[in-house]
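Below: one structure, written as structure tokens.
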Ligand SMILES: [Zn+2]
Ligand SMILES: [Zn+2]
């Protein structure tokens, strides 16, 4: 494993799990000042393909990289864009049954308003 890849992987593993490539690059630069953003993107692509991390595509927002490759879904706050993990069981089986075909994968982003962004109750 290259020094660059090791550094990028460490950053993702230490994060809360949903960083953008830009955020990963800013952190990697502190450890390896000469690292290029292209190197970060290339390594993220390789790690995604190898199943070491998971890429989450969110419309109108940069892709996030997830340290957890375990099956789970994402809740995306529509106000602040924070991505939260949520565990829904049996979804793939349910979708498969409804669609009547064997599903090999799906992308699902559940939209919500997180607690931090919920309007405070007026007293
Ligand atoms: Zn929020
Ligand atoms: Zn996640």
Original post:
How many of the residues making up region 73-123 are within 15 Å of ligand 2 (Cβ to nearest atom) and surrounded by 13 or more Cβ atoms within 10 Å (Cβ to Cβ)?
Top reply: 14
**OP:** Determine, yes or no, whether residue 57 is assigned by TED's automatic domain parsing to the domain that holds residue 25, surrounded by fewer than 13 Cβ atoms within 10 Å (Cβ to Cβ) and out of contact with any helix residue (DSSP H, G or I) (no Cβ under 8 Å at 6 or more places or on another chain).
**Re:** yes
Subject >> Selected residue (criterion: nearest to ligand 2 (Cβ to nearest atom)) from residues of region 50-72 that are under 18 Å from residue 13 (Cβ atoms) and free of Cβ contacts under 8 Å to residues at least 24 places away in the same chain >> reply: 72
Original post:
Hey, any hits in region 98-106 for a residue that's away from ligand 1 (no atom under 14 Å from the Cβ) and closer than 18 Å to residue 13 by Cβ?
Top reply: no
Original post:
Is there any pair linking a residue in region 103-123 that is over 25 Å from residue 91 (Cβ atoms) to one that is within 16 Å of ligand 1 (Cβ to nearest atom) and in a loop (DSSP other than H, G, I, E, B), with Cβ under 6 Å and at least six apart or on different chains, and which?
Top reply: 117/79; 117/80
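The values are calculated or read from the model by the stated rules, or taken from the named source; none is laboratory data. Keep in mind that what you see is a predicted model, and the values were worked out from it rather than measured. So basically every Cβ, Gly included, is an ideal-geometry build from the backbone, and we count neighbours across all protein chains shown.
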